[in-house]
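The values are calculated or read from the model by the stated rules, or taken from the named source; none is laboratory data. The structure displayed is predicted, hence computed values, not measured ones. Cβ: placed from backbone, ideal geometry, glycine included. Neighbour counts: every protein chain shown.
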Amino acid sequence: MNMSTNTDFTLAIEDLTVSFDGFKAVDSLNFYLDRNELHVVIGPNGAGKTTVLDLICGKTKSTSGSIKFLNKELTSLSEHEIVRAGVGRKFQTPSIYENLSVMENLEVSYPRGRGVFGSLMFKHDDEVHSKILDVAKQIMLEDALDTEAGLLSHGQKQWLEIGMLLIQDPQLLMLDEPVAGMSVKEREQTAELLNKISQGRSVLVIEHDMDFVARIAHKVTVLHQGKILAAGEMEEVQKDPKVIEVYLGH
């Protein structure tokens, strides 16, 4: 049976390859992400982790292979169309509007896809407002709605950026090293946040912090030189001799 006949995956990547000047950064990758799954991709530097996210969101075009999101082929779409299809991505450096309040940051991220007249209607503003409050609560910033974003802690800025994606209601959320530079407490809170937001959508995370990975991952995939070295539950993966060799051999 061909795997791709299963329509239940949020994301189905098949035979994905991208070469830069003859170097295969991602090499015949097959990867499947279930609905409501929180999946973490780990691997040494240069393993191709960020490249995979770049391919999914259309920033980089593949040399060959297929990326299906909810059965829709993404490789032919522009970055903008991929976002509109329901894929949200947070990069390593937060891109928030420092001089706007938390509330305004969430407001400007709200998708206004209802036509000019739709956005003028009061009901719509009510809807926006309740959505903002709901997201603010999820990202633990409901008490900071009037705070200028530039005054938030490093961790809070990261949460705000996650909120700016959540307000667009993506079915796939991709996060590149979300806890880099965070305090211990912020890491714990971020683990809780990610566990919450993976109920109702799929979340794909790239991370280096193994303790953090163990707290959040439903499944882990280890990339090495553009290929999958191991995949499965965190406990199994950590005991895999190939994984130990790659991690300790570096």
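Some notes on this structure:
- GLN199 vs. criteria more than 26 Å from ASN30 (Cβ to Cβ), out of contact with any strand residue (DSSP E or B) (no Cβ under 9 Å at 6 or more places or on another chain) and not in a strand (DSSP E or B): yes
- There is at least one residue in the stretch 175-182 that is at pLDDT 95 or above and either within 27 Å of VAL87 (Cβ to Cβ) or among the aromatic types (Phe, Trp, Tyr) (or both).
- Qualifying residues in the stretch 16-26 (those that are more than 21 Å from the chain's Cα centre (by Cα) and not aromatic (Phe, Trp, Tyr)) - the one surrounded by the most Cβ atoms within 10 Å (Cβ to Cβ): LYS24
- Just so you know, in the stretch 60-80 the residues that are outside any loop (DSSP other than H, G, I, E, B), charged (D, E, K, R) and over 14 Å from GLN171 (Cα atoms) include one that is modelled with the highest pLDDT, and it is GLU73.
- Residues that are on the phi > 0 side of the Ramachandran plot and buried (at least 18 other Cβ atoms within 10 Å of the Cβ), drawn from the stretch 216-250: GLY226
- Scan the stretch 219-250 for residues that are outside any helix (DSSP H, G or I) and at pLDDT below 90 and the total you get is 2.
- Annotation note: of VAL179, VAL213, the sole residue that is closer than 30 Å to PHE20 by Cα, touching a residue at least 60 places away in the same chain (Cβ under 8 Å) and surrounded by 16 or more Cβ atoms within 10 Å (Cβ to Cβ) is VAL213.
- For the stretch 135-174, filtered to residues that are of a type in the set (Asp, Glu) and within 20 Å of the chain's Cα centre (by Cα), the residue that is modelled with the highest pLDDT is GLU161.
- Selection count, the stretch 155-210, where residues are charged (D, E, K, R), touching a Leu at 6+ places or on another chain (Cβ under 7 Å) and over 14 Å from SER95 (Cα atoms): 1
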